[in-house]
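J.: I'd like to ask some things about the structure below.
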Amino acid sequence: FGLLSGSFAQTAYQPSAANLENRKWFSESRFGVFIHWGVYSVLGDGEWVMNNKNLGISEYGLLPTFFNPIDFDAKAWARLFKDAGAKYITFTTRHHDGFSMWDSKASDYNIVKATPFKRDIVKELVSACREEGIRIMFYYSLLDWKRDDYTPLGRTGRGIPGRQVEKGSWDKYIQFMKAQLTELLTEYGQIDGIWFDGHWDKNDANWHYDEIYSLIHSLQPSCLVGNNHHLAPFDGEDFQMFERDLPGHNTTGFGTAADAVGQLPKEVCGTIAGSWGFDIKDRQQKSFKEVLNYLVKAAGYGSNLLLNVGPMPNGEIQDYQQERLKQLGEWLKTYGETIYGTEGGFVVPTDDYALTKKGKTVYLHVLNTEKNSFLIPNFNFKVSSLTSFDGKTKIKYHQLDNDVLVVQLPEGTTDTADLVLKLSIK
Ligand code: JFZ
């Protein structure tokens, strides 16, 4: 009877109808753009630079005084994301450095009060994206490297010079987060999700998720709560995220989420560059084929992809990152029906293929065209035809008794970023 404890407690979260409706929208949207942008971007050394380089409170505190992104154009960003085919963005409203990218009443360490720029970036971005029909989610860090009331210190942030610790003030910190979340959820219109991060800094802390999650759901019932804790979903969460990993994989080694793929809508996040925040020695730039495979494999798992850009301190997004987004958008113009609103997860993707499905049509994404024939196990549908994506060319296949589908690629198949085939099933 041990199984009947915990999640079956009377207080278990019951998502509202509006929330369930929004989960459906989220699952169908399949592609969002993640944006890591903050005062750390000035140094061009990733978003962890404060911690990695042990910058003191007063030293790091100089960054806001020269954060002045004169080329920031929210409308240009929103058009770029729209053209990329993204359905939503997730923006870092406050990362681990504790700096708020909006005009926060709860903290003066913010974009309007502490920078020469003085513009509410969250506000500009939200209204520009909304105009393009792109929905908004907010990344919000639970972990804070600056505040005195973030105490006791967690795994990170211990070596930061000048850091004060105000004993016994944890409740004050929780109240502070609630005040900020209330601002974000009352002053910026409809917000479709809050993306928490930093739990892993203090795995055993009492984060008061019951209060925080219910605050969010009471302010905006449709707002989806997710948390990058790398564990099985907690009560009150609406989607499950997988950082730098496809569902069920654990290459980061951060947690046990790999063993705990749940039933909630899924989202995989990853980068175009090697890092999340702008890195001037950016030497791990992904090719179009790599980012496209990411999107296609995520869809093959029944998951969204949240693909990250790290804008520069001048407010522009690096050319090659813009180019990747545009390439995805071009591709999606033709092949969007194989991604948006599809089902995945019925056949586990491999490096060779990923499958998605809509009604009686199964889309076979061939990721490796070097093999001219390959086997797809656990294919439980009876096939009535297999053709090229445009339906014009018939492709050879046969089905074995043990649910193995054998596909034979036509001779002369050349390497494209993703060869898409179409199966009609009975
Ligand atoms: C987190 C952030 O630290 C990172 O800066 C970025 O925002 C990313 C999307 O999320 O990455 C993690 C997550 C987990 C751990 C470390 C970094 N961990 O478990 O140690």
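The values are calculated or read from the model by the stated rules, or taken from the named source; none is laboratory data. Keep in mind the model is a prediction, meaning the values are calculated, not measured. So basically every Cβ, Gly included, is an ideal-geometry build from the backbone, and we count neighbours across all protein chains shown. Accessible surface areas use protein heavy atoms only, side chains included; no ligands, DNA or RNA. Shrake-Rupley method; radii C 1.70, N 1.55, O 1.52, S 1.80 Å.
J.: Based on what the data block shows, is Lys358 assigned by TED's automatic domain parsing to the domain that holds Leu375 and surrounded by fewer than 22 Cβ atoms within 10 Å (Cβ to Cβ)?
T.: Answer is yes for this residue.
J.: Of these, Asp171, Asp197, which one is under 22 Å from Asn52 (Cβ atoms) and open to solvent by 10 Å² or more (accessible area, probe 1.4 Å)?
T.: Being under 22 Å from Asn52 (Cβ atoms) and open to solvent by 10 Å² or more (accessible area, probe 1.4 Å) holds for just one of Asp171, Asp197, which is Asp197.
J.: Here is a follow-up. For segment 365-419, which positions are outside any loop (DSSP other than H, G, I, E, B), farther than 21 Å from Leu295 by Cα and hydrophobic (A, V, I, L, M, F, W, C)?
T.: Residues satisfying the conditions are Phe374, Leu375, Val383, Leu386, Leu405, Val406, Val407.
J.: Residue pairs, Cβ under 7 Å, 6 or more apart or interchain, first in segment 132-143 and within 16 Å of the ligand (Cβ to nearest atom), second among the small types (Gly, Ala, Ser) and open to solvent by less than 10 Å² (accessible area, probe 1.4 Å). List them.
T.: Met137/Gly193; Ser141/Gly198; Leu142/Gly198; Leu143/Gly154; Leu143/Gly198
J.: Considering only segment 49-62, I want to know if a residue exists there that is away from the ligand (no atom under 16 Å from the Cβ), assigned by TED's automatic domain parsing to the domain that holds Ser222 and of a type in the set (Phe, Trp, Tyr).
T.: no
J.: Return a yes/no flag: does segment 261-279 have any residue that is in contact with a His (Cβ under 7 Å, 6 or more places away or on another chain), in a loop (DSSP other than H, G, I, E, B) and within 13 Å of the ligand (Cβ to nearest atom).
T.: yes
J.: Additional query: Only residues in segment 264-276 that are in the same structural domain as Val309 (by TED's automatic domain parsing) count as the first member; pair them with residues that are surrounded by fewer than 22 Cβ atoms within 10 Å (Cβ to Cβ) and of a type in the set (Phe, Trp, Tyr), Cβ under 6 angstrom, at least 6 apart or cross-chain, and list the lot.
T.: Close Cβ pairs (under 6 Å, with a partner that is surrounded by fewer than 22 Cβ atoms within 10 Å (Cβ to Cβ) and of a type in the set (Phe, Trp, Tyr)) amount to Gly270/Tyr294.
J.: To continue, here is another question. Might you check whether a residue that is within 16 Å of the ligand (Cβ to nearest atom) and farther than 20 Å from Ile191 by Cα occurs anywhere in segment 114-125?
T.: No, that holds for no residue.
J.: Would you check if there is a residue in segment 319-331 being part of a loop (DSSP other than H, G, I, E, B) and buried (at least 16 other Cβ atoms within 10 Å of the Cβ)? Talk me through it step by step, then tell me what you get.
T.: Step one: of segment 319-331, the residues part of a loop (DSSP other than H, G, I, E, B) are none.
Within segment 319-331, none of the residues are part of a loop (DSSP other than H, G, I, E, B) and buried (at least 16 other Cβ atoms within 10 Å of the Cβ).
J.: Given Asp71, Asp97, Asp83, which one is in contact with a Gly (Cβ under 7 Å, 6 or more places away or on another chain), at pLDDT 95 or above and either surrounded by 23 or more Cβ atoms within 10 Å (Cβ to Cβ) or not assigned by TED's automatic domain parsing to the domain that holds Met312 (or both)?
T.: Criteria check complete, one pass: Asp97.
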